[in-house]
Structure formats: structure tokens, C-alpha cells
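Asker: Below is the structure I would like to discuss, written out as C-alpha cells.
The values are calculated or read from the model by the stated rules, or taken from the named source; none is laboratory data. Owing to the predicted nature of the structure, the values given are computational and were not obtained by experimental measurement. With ideal geometry, Cβ positions are generated from the backbone for all residues, glycine too; neighbour counts draw on all protein chains shown. Remember, those area values only see protein heavy atoms, side chains included, never the ligands or the DNA or RNA. Shrake-Rupley method; radii C 1.70, N 1.55, O 1.52, S 1.80 Å.
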Amino acid sequence: MTSQPYLSELFSLDGRVALVTGGSSGIGRAIAGALARAGASVVVVARKEAELAATVEELTGDGCRAGWVSADLSTRAGVRAGAEEAAGMFGEPDILVNSAGINLRPPMTELDENVWDLTMAVNLEAPFLLGQRFGPGMAERGFGRIIHVTSQQAHRAFVQSGAYGVSKGALESLARSQAEAWSPYGVTCNTLVPGFVMTPLNRRLSSDPEKVAALAARTMTGRNGLAEDFAGAAVFLASRASAYVTGQALFVDGGLSVH
């Protein structure tokens, strides 16, 4: 017996449909690519059309089935319109990945209502609205996977967590609430917790070599994260292999959180 049939049975996403917000860059793009190469039809949702088109062109060039939707996830109307357009592409999603986020972290004394509202809208309310739109359908069909990308700031305060940390902490609580509601019907809801990852979202820190080195030294692996480090974890959480894993936070951080 070869390992291929066994691994395919556990991890294949053939026939599944995935929606990945923030799927045009950074961790979201890496996850979208992993799900597509594992067999899912993937719709990437973000704002910038050029980046979306480039992502889908790469995936379709590799033989994957992929499409994109440009949507403003900072407004309820934008989220709802984007969700409907995405669902019309390959059908209702079986897998929802909320990776889109904004990283506005002024000092607490300078944190105003506009930054607070925008951060909560993109990082927390959009995942909530998308869950409300797609979670019940997943439950009716008996299979679903909801995956949120959160942050170390959901668990500890550093480098000016501000509203960003609050939004990510609340997102982990949302995952647990979603798990409580829908896991009896075959829908798992979990979070991926990055360490410091060299992506455009972290450009403010990644442009400082001293800070990059200091953060790497806090890990057990001796390096900072890369977007592709999330591929395997995302496929696991999206597949039948994770059927008994729900309401959990999976740290993909090189040991930063336990160092």
C-alpha cells in the first residue's frame, strides 16, 4: 500500500469551494494557494484588483480553479456585496478563511474613534458578517470549515497592540462562539495565530533590521515567519483531517509564544 490514497482521503479538498479574504497578499495569498493546490476551487476577496488578478493568474497557471472579487470589507454593504459575488462564482463555499486585516496601531493616547471603528469593521465585523452569511449553509450541508487568522496580540500586549489587539482577541472569541453554534452540524471553527511574519501588513516593523532580528531571537526556531509557513496548517484545518478540532487557536509562530 502506498501513502498517496491515505493522504488524499485525509487532506484532499477536491470538490470543495473556498473563499479567502485578504487572499491577494501575505498569509492570505499563501493560504489561498495551498487550498487551491489541495484541490479546492478558490475565490480570493480583497480590494486591489491588480494584486487579485496576479494571484488568480498564478493559480490558474498552475492548473488550479480560482477567481477573484474586489470588495470593500470595511463596510457592511461592501461585505455583503462581495459575499454574494463570491458565492456566485463556484457556488456556496465549504471553507471560509478570514485573513483580511488592517494594522493601524497608533499609541493608545492617539487612538481615535475613526481608527477604532475601521479596525473593528475590517478585522472583526467582516468575519462576523461572512460567518453569518455562510455558516448556516455549511451546517445545513453537514460540512464546513471557518478559519480566522488572528495575532499574538490576541493573547499578549506588545508593539502597541491598541485596537488591533482588541480586534484579534475578539476574533478568537468569535471562533469559539461559531464553534459552539455550528460544530454539532459538521462545521469546525478555528484560528491560526501567527508570530511575526514578513508580509506587507508588517512593513512598519520589517523595514527595521534591528527589530526584525530581535523578534527572530524571541522564537525557538531562530527566524521570523514566512507566509508559506501557513500552507500545511491551513490545509489541515480545511480538510476532513481536522474534523474533531474546533474552537481552537493553532499557533504558527516558531515557538515565539512559548519562549
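Asker: Any chance you could get the radius of gyration and Dmax over the Cα atoms of the chain, in Å?
Answerer: Cα radius of gyration and Dmax of the chain are 17.5, 63 Å respectively.
Asker: Could I ask something else about it? Need the C-alpha centroid separation for region 105-155 versus region 1-51, integer Å.
Answerer: 20
Asker: Find the all-direction average of the projected area of the Cα convex hull for region 1-137, expressing the result in square nanometres with one decimal place. Each step should come with its number before you reach the end.
Answerer: Details: hull surface 39.1 nm².
For the Cα atoms of region 1-137, the hull's average projected area reads 9.8 nm².
Asker: Moving to a separate point now. Given a cut-off of under 8 Å on Cα pairs at least six residues apart, what relative contact order in percent is computed for region 77-156? Walk me through the numbers before you get to the answer.
Answerer: Working: 54 pairs, mean separation 36.9, N = 80.
Computed over region 77-156, the figure is 46 percent.
Asker: Starting at the first residue of region 171-179, write each ³J(HN,Hα) from the Karplus equation 6.51 cos²θ - 1.76 cosθ + 1.60 with θ = phi - 60°, in whole Hz, x for Gly and Pro.
Answerer: Couplings: 5, 5, 5, 4, 4, 5, 5, 5, 4 Hz.
Asker: With a 1.4 Å probe and every protein chain left in place, work out the accessible area per residue of region 106-242 in Å², rounded to a whole number.
Answerer: Details: 6100 Å² over 137 residues.
Here the per-residue accessible area is 45 Å².
Asker: Taking all protein chains as present, what is the carbon and sulfur share of the accessible area of the chain, in % to the nearest whole number, probe 1.4 Å? Show your work: numbers first, answer last.
Answerer: On the way: 6350 of 11820 Å².
C and S atoms contribute 54 percent here.
Asker: What FRET efficiency comes out for LEU226 versus ARG156 if R0 is 25 angstrom and r is the Cβ-Cβ distance? Round to the nearest 0.05.
Answerer: Details: r = 22 Å, r/R0 = 0.87.
With R0 = 25 Å, the Cβ-Cβ based efficiency is 0.70.
Asker: When only alpha-carbon atoms are used, what values of Rg and Dmax, in angstrom, describe region 129-259?
Answerer: Looking at region 129-259, its Cα Rg and Dmax stand at 15.9, 51 Å.
Asker: Once phi is turned into ³J(HN,Hα) by the Karplus curve 6.51 cos²θ - 1.76 cosθ + 1.60 with θ = phi - 60°, what whole-Hz value does each residue of region 188-200 show in order, with x for glycine and proline?
Answerer: Karplus values, whole Hz, x for Gly and Pro: 9, 9, 9, 10, 9, 10, x, x, 8, 10, 7, 10, x.
Asker: Got a sec to turn the phi values of region 34-49 into Karplus ³J(HN,Hα) couplings, 6.51 cos²θ - 1.76 cosθ + 1.60 with θ = phi - 60°, whole Hz, x for Gly and Pro?
Answerer: Computed from phi, the couplings for region 34-49 are 5, 5, 5, 6, 8, x, 6, 7, 10, 10, 9, 10, 6, 8, 7, 5 Hz.
Asker: List every residue whose amide H lies under 5 Å from the amide H of VAL43, counting only residues 5 or more places away in sequence or on a different chain, with H placed 1.01 Å from N in the peptide plane.
Answerer: Answer set, sorted by chain and number: ALA18, LEU19, VAL20, GLY67.
Asker: Restricted to Cα positions, what overall size does region 98-160 have along the principal axes? Three whole-Å values, descending.
Answerer: Per principal axis, max minus min of the Cα coordinates gives 47, 23, 14 Å.
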